[in-house]
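Working notes, beginning with the structure itself.
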Amino acid sequence: MTWTPVGLVRDSSVPGLLLRAVPGVITIISLAVAAQDRADRRLPYPLIVAIGVIVVLSNITLFFLRYGDPPGPAGYGLLVFAVAGSVLWYALPGSAMIIVPFWVSRAAVRYYRAQPLEWIIVAISILGASVPLYLTTRSLPGAFGAAFGVIALTLAAVNRRTREQQLEDLEVSLARKQAAIEEHERAAALAERARIARDVHDVLAHSLAGLSLSLQGARLMLVRDGASPEAIEQVTRAQGLAADGLAEARRAVAALREDAVPDVRALGDLVTAYRLESGATAEFEVDGEERELPGEALGTLYRTLQEALANTRKHAPGAPVRVRLTYGDLVRLTVEDQPGHRPERAAAGGYGLLGMRERADLVGGSLEAGPTSTGWRVELKVPA
């Protein structure tokens, strides 16, 4: 089973990934053509090949870009892509390398959101499309045309990104509305359960308690007056039935008053709540054949996930989170946040972590927690 994203994920299909490789393919074709044509070059062929290799390698960074990513290796790879592609367009003026500045400008706007790196890449792309064209043709209108072409494509990408952001905001708004409706329904159900519990306690339980006391008094009076054993036995049996009914009524009241045991859907709701509150990517996956678990195990899973997400909010706010629930001989819950760096709390162990371990021990499970190269990982194992 694959990861199920809670938020929107785009351009992850095979056609979308292949489309990102287009500049690299064009670069390789341009180098092959340049190997046959020795006249139309602005730089020595070995240098052109070196720049072409840089373009192809930096093109690979497109495969790792995701919407709203902060500047990182992939983002700076896109910056290298813009510079090297512009130089290669100057070195091979007769090739299709002019597509690279347009491509890079679109990618920068599509994958970054109002960050300085985005606009630096766009500026380099505008210069990279127009300046080499002017140096090779001395045509000022052509250079301006190329610059305006990049600007037009950039504005179109901005417009598309804005529409997608509006759709995503609408999705989040609908999810919050649905969560509010479900919470209202749950509150109404709890209120109704509390009302029924009060009625059962105040009417049925009190009546059964009074009946039991009256039967006990009747039995004592029969014994005092020397009634027949059959009559005493019937009254004693009736008193026992009343006592049993009272015990059942009290158990029903306790069950109505007690909060429902969380289930797998409640775990998914915690992940959804984290995404709605933080705005970060949150993923929840269930592996294996789902089956009913003891209430103590489900409660431990729920509280551990709740504490792990609380720690992420505190120590790595806004970090993407992946949660996996795996059914096997043991039920395994894995919570991993990925802020992109090793956490500073790597050697710390607070009371929250201690509480999670104690909960695991109470149900015969185990808990492991510690830093990874990109974040923090918590793994809980409980008996199935």
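Measuring with a 1.4 angstrom probe and ignoring ligands and nucleic acids, Ile29 comes out at about 100 Å² accessible. Rounded to the nearest 10 square angstrom, His184 shows an accessible area of 140 square angstrom against a 1.4 Å probe. Relative contact order for region 46-177: what percent, with Cα pairs under 8 Å and sequence separation of 6 or more? Relative contact order, region 46-177: 22 percent. The Rg/Rh ratio of region 108-214, with Rg taken over Cα atoms and Rh as the Kirkwood radius over Cα pairs, comes to 1.67.
Relative contact order (percent) for region 292-384, with alpha-carbon contacts under 8 angstrom and 6 or more residues of separation?
Once normalised by length, the contact order is 33 percent.
Largest first, the residues Phe284, Phe81, Phe64, Phe144 sort by 1.4 Å accessible area into Phe64, Phe144, Phe284, Phe81. Share of carbon and sulfur in the accessible area of region 276-384 stands at 45%, probe radius 1.4 Å. The HN-Hα couplings worked out from phi for region 80-94 by the Karplus form 6.51 cos²θ - 1.76 cosθ + 1.60 (θ = phi - 60°) are 4, 4, 5, 5, 5, x, 5, 5, 5, 5, 5, 6, 10, x, x Hz, whole numbers, x standing for Gly and Pro. For region 77-116, the carbon plus sulfur part of the accessible surface works out to 75%, probe radius 1.4 Å.
Residue-wise HN-Hα couplings along region 218-226, as the Karplus relation 6.51 cos²θ - 1.76 cosθ + 1.60 with θ = phi - 60° gives them from phi, are 5, 5, 5, 5, 5, 5, 5, 8, x Hz; Gly and Pro carry x.
The values are calculated or read from the model by the stated rules, or taken from the named source; none is laboratory data. Bear in mind that the values here come from a model prediction, so they are computed numbers and not experimental data. These accessible areas exclude ligands, DNA and RNA; they are computed on the full protein's heavy atoms, side chains included. Shrake-Rupley method; radii C 1.70, N 1.55, O 1.52, S 1.80 Å.
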